[in-house]
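The values are calculated or read from the model by the stated rules, or taken from the named source; none is laboratory data. Everything numeric in this text was worked out from a predicted model, so none of it was measured. Ideal geometry is used to build each Cβ from the backbone, glycine not excepted, and the neighbour counts take in all protein chains shown. What goes into the accessible areas is simple: the full protein's heavy atoms, side chains included, and nothing from ligands, DNA or RNA. Shrake-Rupley method; radii C 1.70, N 1.55, O 1.52, S 1.80 Å.
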Amino acid sequence: MKIHIITAFPGLMEGPFQESIIKRAQEKNLIEINIYNLRSFTKDKHNQIDDYPYGGGPGMVLKPEPIFDCIDHILEQIAPSDSKRLIFLTPQGKRYDQQHAKELSTEEHLIFLCGHYKGVDQRVRDYWKFDEISIGDYVLTGGELPALVIIDSVVRLIPGVISDMNSAATDSFYNNMLDCPYYTRPEVFRDLGVPSVLLSGNHAEIEKWRKQKALEITIERRQDLIKDDNIVTNKTNDE
Ligand code: ADE
């Protein structure tokens, strides 16, 4: 997968890609990350990327020309037969979730446009077919952190990125369920023990316990995730 990020603040994006799983995914050539500085696509001597909104009001708006030129430049490098998605990060977008992450993880190219200030000239949004995505009901200073959140959640679903694919299969939200609790050594810490079933070596019982705990936590915290088929599936498996 090739990831293309259009931003006015490229420095914000650099650190997170140089650590841990995302770094290793690049080293293994499973992903390639290209960051495009919006200012490099300006043609005026002040490298102006934003301007006042027509009609007045507070805040600045990202100008259309550098964005169009940058997207054209990216698309020129992509074969027409390659699958791609353009993504615009905005609090007005559709709320992001694990299902959306799964869909994005199968694309060959993801192109992220990070908004800033009051947003971007509406003609950018009208012309290009973006997935407009929000990462939650709160407002950040720009689209860079949301883009990082999405990239992190997508990249870990690409086969080969996480060594034990099982660990993605047991994630929270995998089956519309939150994940169960985990314990590691020592067996007793500050008088706090570990549930005995986890020490029993009985894998069927352990699996049953984990499903039960996942169901309890999901019912307690996120009833909205529970679908009838989850409850049916769990009952069937536990019987
Ligand atoms: N830009 C600013 N806030 C945002 C949010 N919550 N989600 C996506 N992009 C944003």
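Each of Leu148, Gln99, Phe9 was placed along the dipole of the chain (beta-carbon charges, centred on the mean Cα), and the one lying farthest toward the positive end is Phe9. Over all pairs of different C-alpha atoms, the stretch 88-239 has a mean inverse distance whose reciprocal, the Kirkwood radius, equals 18.5 Å. Extension gain for the segment Glu220 to His73, taken as residue separation times 0.36 nm less the Cα-Cα distance, is 48.0 nm to one decimal.
Could you order peptides 1-9, 21-29, 34-42 by the average number of other Cβ atoms within 10 Å of their residues, highest first? Show your work: numbers first, answer last.
On the way: 1-9: 21.4, 21-29: 13.4, 34-42: 17.1.
Top of the packing list down: 1-9, 34-42, 21-29.
At the residue level, Arg125 shows approximately 40 square angstrom of accessible surface with a 1.4 angstrom probe and all protein chains present. The calculated pair-distance distribution of the stretch 60-114 uses every alpha carbon pair, bins of 5 angstrom beginning at 0, and gives 4, 15, 23, 24, 16, 14, 4, 0 percent. With a 1.4 Å probe and all protein chains kept in place, how much accessible area does Thr184 have, in Å² rounded to the nearest 10? Per-residue accessible area (Thr184): approximately 110 Å². Scattering from the stretch 1-78 was approximated by placing one identical point on each alpha carbon and applying the Debye formula without solvent; log10 I(q)/I(0) at 0.16, 0.23 1/Å stands at -0.72, -1.07. Using C-alpha pairs below 8 Å separated by at least 6 residues, the relative contact order for the stretch 170-225 is 42 percent. With the gyration tensor restricted to C-alpha atoms of the stretch 2-155, the semi-axes of the equivalent ellipsoid amount to 25, 18, 15 Å, longest first.
Values of log10 I(q)/I(0) for the stretch 129-202 across q = 0.18, 0.21, 0.22 Å⁻¹ run -0.95, -1.06, -1.10, by the Debye formula with one identical scatterer at each alpha carbon and no solvent.
Per-residue ellipticity at 222 nm, computed for the chain from helices alone with -39500 (n - 2.57) per DSSP H run of at least four residues, works out to -10000 deg cm²/dmol.
Computed across the stretch 170-225, the Kirkwood hydrodynamic radius from all distinct Cα-Cα pairs reaches 12.3 Å.
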